[in-house]
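The values are calculated or read from the model by the stated rules, or taken from the named source; none is laboratory data. On a predicted model such as this, the values are computed, not experimentally measured, just so you know. Here the Cβ positions follow ideal geometry from the backbone for every residue, glycine too, while neighbour counts run over all protein chains shown. Side chains included, ligands, DNA and RNA excluded: accessible areas come from the protein's heavy atoms. Shrake-Rupley method; radii C 1.70, N 1.55, O 1.52, S 1.80 Å.
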Amino acid sequence: MLALGSAAGVVGILVLRLSWGLQARSAWHNLAGWGAIALSLLCGAGSAGAWGIAVAALWAMAAAFACLGWAAITTPPKRGRAPNRRAGMLPEGGEPLRLGERFLTFALVAVLSFGSAIAMALLLRWIALLCGAAEANATVIALFTAPLAWTVLAYALLMTASRRRQFALIGATMAAALPPVLAGGLS
């Protein structure tokens, strides 16, 4: 069963590679490729649980690596110059560096959003405890929430154009820690 799952994963990757190389999009090829990968997952799980899924996935990843490696070796280089796409990383000519704005952006996105993520994690831990969850389960919820909230918050801050909205977002999420702090639920 595990060998079948591993083979299905490899076949699924090969069919998807074939499908993505076609001139027109083929729903049937895509469906067959993803179906073979799903069959691989089911066979791996049926034979050895999570270990079987991991083994079958390794075979599929090895096939994907081989396909990407082959494409990298055989694809001819593009003709012409690479595009000069700049995202405003460095100022041009005599423009000011705006180091203050850059530092503030870093502080908001990296430092303050991390504090806000911890505040949201504390709130969810406190709510879980109020709902009757065990200490360990509430702590796991907080440990799950913090990096996820940090990622979403950092993205939201980077996509927000005005500083006023950025500070409002940080302030609103920092306020999430108020209920557990005021209720004394952090001890």
Log entry, pairs with first residue in the range 94-109 being modelled with pLDDT of 95 or more, second being assigned to a loop (DSSP other than H, G, I, E, B) and open to solvent by less than 60 Å² (accessible area, probe 1.4 Å), beta carbons closer than 9 Å, six or more apart or on different chains, reads none
If you scan the range 150-187, which residues turn out to be of a type in the set (S, T, N, Q), closer than 29 Å to CYS131 by Cβ and loosely packed, with under 12 Cβ neighbours inside 10 Å?
SER187
Any chance you could count how many residues in the range 51-93 are at pLDDT 90 or above and surrounded by fewer than 10 Cβ atoms within 10 Å (Cβ to Cβ)?
3
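Which of the residues belonging to the range 124-140 are surrounded by fewer than 17 Cβ atoms within 10 Å (Cβ to Cβ), in a helix (DSSP H, G or I) and among the aliphatic types (A, V, I, L, M)? Step through it out loud before you land on a result.
In the first step, residues of the range 124-140 are kept if they are surrounded by fewer than 17 Cβ atoms within 10 Å (Cβ to Cβ); the result is 127, 130-137, 139-140.
Right, trim to in a helix (DSSP H, G or I) and you get 127, 130, 135-137, 139-140.
Once the filter is applied, which keeps residues that are surrounded by fewer than 17 Cβ atoms within 10 Å (Cβ to Cβ), in a helix (DSSP H, G or I) and among the aliphatic types (A, V, I, L, M), the range 124-140 yields ILE127, LEU130, ALA136, VAL140.
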Answer yes if at least one residue in the range 1-18 is open to solvent by 90 Å² or more (accessible area, probe 1.4 Å), without any contact (Cβ under 8 Å) to a residue 40 or more places away in the chain and in contact with a helix residue (DSSP H, G or I) (Cβ under 9 Å, 6 or more places away or on another chain), and no otherwise.
yes
Can you pull out the residues in the range 20-38 that are farther than 15 Å from ALA63 by Cα and either touching a residue at least 60 places away in the same chain (Cβ under 8 Å) or small (Gly, Ala, Ser) (or both)?
GLY21, ALA24, SER26, ALA27, ALA32, GLY35, ALA38
